[in-house]
Each structure stands twice: as structure tokens, then as C-alpha cells.
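Below: one structure, written as C-alpha cells.
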Amino acid sequence: NFHVGSMDLSHSGNGNAFSFNAVSKKLIVTGNTSMNVTSGNMGTDLRFNPGTGTMNFRGDFTCGATTDYAVPFYSNGTGTIVYGGNLTFSTGSFIYSTSLPERIIFDGSGTQTITTSGTGMNYMPILQIGGYSANTPTVILAGDYVNDIRPSDLEVHSTLRFPESAGVNDYGILRSTLGGSFWLGPNAKLELGGDNIGGSTAIGNNNFPQN
């Protein structure tokens, strides 16, 4: 297993691919993490691959602030990625839709914000909000241009909040494939807020399905 205080990764070079692979072990980053591909071509990418193990990023995670193909998670249907802080997917972020880990978990101790402006960030595996530890995070979806987030399954154990700004473009959660499930735990909340989201008017501070 591997414990580090923080990570700041950058990568470049045409045709160069670098994968940080946990294999069957555990990576824990207690501080912030950033990853960027500074230059290259379509064969240049930088990946976090949990293998069959776990990668646990406890601080804020920033991906793709410069050019393309910074890949925050990559696997073959195995492994777990855990985020404990805010998650920012910039325009240089990219996801391979057929090469995903088994599960992504948000496990912050308070509010966590997912901010995405990358057009390749819509595919995700099982997306789990809370339920990993005693933490009960409130996860907020945000971004200036946001594509549909498409997990194979969605499990909400604490609170998932949709944006409260009318300026958010094309926001939603869709299944990535036919089937799947949308699961709400006994104490879970789905909060909707703002105007003109998806062409309709939402009601603020809803608890679903109680209200």
C-alpha cells in the first residue's frame, strides 16, 4: 500500500501514455491531487488505474486544466476510486467509456462539489454518494458547461444536490446503458433547485421521495 501527502502530476510527449496503477493494493493521498497533460497528441494520456485495489483521494482533486487526455480513472470494470474533497474536471479531462473502474465513491466529511466542463466527462461506473464510512457528504453538481453524468448505477446514501443556477447548460444524470438502478437509502435526499433546468422549473430544497 502507498500513502502520500499530495500529488501533482504532469505529462507530455507525442504517443506517450503513463498509467499510475494500484494493481491490487491501496493508494491513499491525504492532501490535494492534480493531473495534467501539458502537450502531446491523441496517443498521449495520463491515467489513474485502481486495478483491483482502491485509490482514495482525501483532498481536492483537479484534472485536465491544460490540454487533453488527462484520465482521472481507468480500469477494466474492477477497482474503486474514493474522493473525499471537491472534484474538478476541466476541459482537458477525458474518460474512456469502455474502460471504467467498478465504482466511484464520494466520502467527504461535509459538502463536496463536482465541477465539470470537459466534454468527455459524462461516462461513469457505479456512482455512490456516502455509505463508505461514517461520513455523510452533500454532493453538489456544478459547472459552467455540464454534460449529462451517466453512471451505470446511482446509489445515494446521504445527499445529492442538483445545481441551483439557471445558467447551467444540459445538466442531468442518465444511465450509461440500459437497465441499472437509482437507489436511495433510508436517510438519503435528492435536492433540486433553481429555474429553467432542462427547460422546466424545479422546486428548491426538495426531499425525494418524502415530498
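Evaluating residue 184 against the criteria (1) open to solvent by 60 Å² or more (accessible area, probe 1.4 Å); (2) modelled with pLDDT of 65 or more leaves one unmet condition, (1).
With the condition kept exactly as written, say whether any residue in the range 115-127 is surrounded by fewer than 21 Cβ atoms within 10 Å (Cβ to Cβ), more than 20 Å from residue 29 (Cβ to Cβ) and at pLDDT 90 or above. Within the range 115-127, none of the residues are surrounded by fewer than 21 Cβ atoms within 10 Å (Cβ to Cβ), more than 20 Å from residue 29 (Cβ to Cβ) and at pLDDT 90 or above. At least 2 residues being under 23 Å from residue 109 (Cα atoms) and open to solvent by 30 Å² or more (accessible area, probe 1.4 Å) is the threshold, and among the strands (runs of 3 or more DSSP E) wholly inside the range 1-98 those reaching it are 2-4, 26-29.
Among residues of the range 4-26 that are over 17 Å from residue 93 (Cα atoms), those with a beta-carbon under 7 Å from a residue that is open to solvent by 80 Å² or more (accessible area, probe 1.4 Å) at least six positions away or on a different chain give the pairs 5/30; 6/32; 24/52; 25/1; 25/2; 26/1.
The values are calculated or read from the model by the stated rules, or taken from the named source; none is laboratory data. All values reported here derive from a predicted model rather than from experimental measurement. Cβ: placed from backbone, ideal geometry, glycine included. Neighbour counts: every protein chain shown. Quick note on the areas: whole protein, heavy atoms, side chains included, nothing else; ligands and nucleic acids left out. Shrake-Rupley method; radii C 1.70, N 1.55, O 1.52, S 1.80 Å.
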